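**Student:** Quick one: structure below, then a few questions.
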Amino acid sequence: MKPPWTASVLTILPEIFPGPLGASLIGKALVQGTWALNVIDIRDFAQDKHRSVDDTPAGGGPGMVMRADVIGSALDATKKKAPDARLIYLSPRGAPLTQEKVHELSNGPGVILLCGRFEGLDQRVLEAHEVEEISIGDFVLAGGEVAACALIEACVRLLPDVLGDATSLVSESFEQGLLEYPHYTRPREWEGHKIPDILLSGDHKKIAEWRRAQSEKTTRERRPDLWQKQEKTS
Ligand code: SAH
């Protein structure tokens, strides 16, 4: 049998996992073996009795840097178990994570995710292992673990049979290069606010047109960058 999509996570805070990845449909899929999580404690690869993983930056300056030798050993051991996985360092200096990238990663055998702490990783280990760098946004977290959870969750929900209704994936934000249309449900009227009439009309063609127009309007207003790409390709 083909092994499940696997996320190997290298971290100094293994207790963070599975965290949110153990809940709801993603957690159920983990228990059922649709995907696998392999958490590696980087400290197990430290070479001194204090199990230290970091040291002061060469050239001076604030903070600490994670050591190339310790990370390198942890990576060697992990790569042996998952030789085909995509090797990624979560980093604010990385390429921004997109839904397109999520599809690409989700379609592969899995990922090895390096979670930084302190000032980040020694550059040499990133270059020697040709590590791909991915950012989850233009802000700075205290560590890569939450970013790793975000990436894993986005990938796992695309795996076959994880979500109840796969058609819900098709119209979603970013899938067509647009943000999604707004949603409504019961009650029909809430504190004086009504559901748009068109959605109660039963006319599926009109509803689809209305939703498309709403998607376009929201994208134009909120994300001119996405809208521009859309205009270029259409
Ligand atoms: N000194 C670094 C920030 C270190 S933050 C800089 O200025 O670029 C500590 C760790 O948090 C990083 O090593 C990285 O693994 C993680 N991290 C912080 N922000 C992130 C982001 N936007 N996306 C992904 N990982 C991030």
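The values are calculated or read from the model by the stated rules, or taken from the named source; none is laboratory data. Just so you know, these numbers come straight off a predicted model, no measurement behind them. As a convention, Cβ positions derive from the backbone with ideal geometry for all residues, glycine included, and neighbour counts pool all protein chains shown. Quick note on the areas: whole protein, heavy atoms, side chains included, nothing else; ligands and nucleic acids left out. Shrake-Rupley method; radii C 1.70, N 1.55, O 1.52, S 1.80 Å.
**Student:** Add +1 for every Lys or Arg and -1 for every Asp or Glu among the other residues with Cβ under 12 Å from the Cβ of residue 222, and state the total.
**Tutor:** -1
**Student:** So, one more: Identify which of 70, 140, 162 has the largest mean-square fluctuation in a Gaussian network model of the chain, with springs joining Cα atoms closer than 10 Å.
**Tutor:** Looking only at 70, 140, 162, the largest GNM fluctuation is found for 140.
**Student:** OK, next. Taking the Cα-to-Cβ direction at residue 79 and at residue 174 and moving 7 Å from each Cα, how far apart do the two end points lie in nm?
**Tutor:** 2.8 nm
**Student:** Also, quick follow-up: So what's the angle, to the nearest 10 degrees on a 0 to 90 scale, between helix 224-233 and the longest Cα principal axis of the chain?
**Tutor:** Rounded to the nearest ten degrees, it is 80.
**Student:** Less than 19 Å apart at the alpha-carbon level, and either on another chain or at least 8 residues along: which lysines does that give for residue 205?
**Tutor:** Candidates past the 8-residue exclusion: 217.
**Student:** Give the percent of DSSP beta bridges with both residues in the chain that are antiparallel, rounded to the nearest 5.
**Tutor:** 15 percent
**Student:** If you don't mind, there's one more thing I want to ask. Give the residue list of chymotrypsin sites (Phe, Trp or Tyr not before Pro) in segment 89-177 that are DSSP loop and have at most 10 other beta-carbon atoms within 10 angstrom.
**Tutor:** 139
**Student:** Please list, in order along segment 51-64, the HN-Hα scalar couplings obtained from phi with the Karplus expression 6.51 cos²θ - 1.76 cosθ + 1.60 (θ = phi - 60°), rounded to whole Hz, x for Gly and Pro.
**Tutor:** With the stated coefficients, segment 51-64 comes to 6, 7, 10, 10, 8, 6, x, 4, x, x, x, x, x, 10 Hz.
**Student:** Right, something else. By a straight-distance test (C-alpha under 17 Å), which aspartates and glutamates pair with residue 2 as possible cross-link partners, with residues fewer than eight away in the same chain excluded?
**Tutor:** The reachable aspartates and glutamates, counting only those whose Cα sits under 17 Å from residue 2, are 84, 161.
**Student:** Pull up all non-local amide H partners of residue 87: gap of 5 or more, or a different chain, and H-to-H distance under 5 Å with H placed in the peptide plane.
**Tutor:** Amide H to amide H, under 5 Å and 5 or more residues apart or across chains, residue 87 pairs with 112, 132.
**Student:** Using 0.36 nm per residue of separation minus the Cα-Cα distance, give me the extension gain between residue 47 and residue 233 in nm, one decimal.
**Tutor:** Extending this stretch completely gives an extra 61.6 nm.
**Student:** Tell me, what ³J(HN,Hα) does each residue in segment 95-103 have, in order and in whole Hz, if you take phi through Karplus 6.51 cos²θ - 1.76 cosθ + 1.60 with θ = phi - 60° and put x for Gly and Pro?
**Tutor:** 5, x, 5, 10, 5, 4, 5, 4, 4
**Student:** Then there is this: About its Cα centre, how strong a charge dipole does segment 117-234 have in debye, to the nearest 20, once Lys and Arg get +1 and Asp and Glu get -1 at the Cβ?
**Tutor:** That gives a dipole near 740 debye.
**Student:** Still on this structure, please answer the following. Compute the length gained on full extension between residue 119 and residue 212: take 0.36 nm times their separation in residues and subtract their Cα-Cα distance, giving the result in nm to one decimal.
**Tutor:** Gain in length upon complete extension: 29.1 nm.
**Student:** Also, I was wondering about something else. At a 1.4 Å probe radius, carbon and sulfur cover how many percent of the accessible area of segment 5-156?
**Tutor:** So the carbon and sulfur contribution to the accessible surface is 53 percent.
**Student:** Mind telling me which of 60, 110, 27 comes out most flexible in a GNM of the chain, alpha-carbon contacts under 10 Å?
**Tutor:** Largest GNM mean-square fluctuation: 60.
**Student:** Given a 1.4 angstrom probe, what's the average accessible area per residue across segment 5-156, in square angstrom?
**Tutor:** Per-residue value: 50 Å².
**Student:** Hey, what do the phi angles of segment 143-157 turn into as Karplus ³J(HN,Hα) couplings, whole Hz, using 6.51/-1.76/1.60 and θ = phi - 60°, x for Gly and Pro?
**Tutor:** x, x, 5, 5, 5, 5, 4, 4, 5, 4, 4, 5, 6, 5, 5
**Student:** Choose one answer from 167, 98, 34: the residue with the largest mean-square fluctuation in a GNM of the chain with alpha-carbon springs under 10 Å.
**Tutor:** 167
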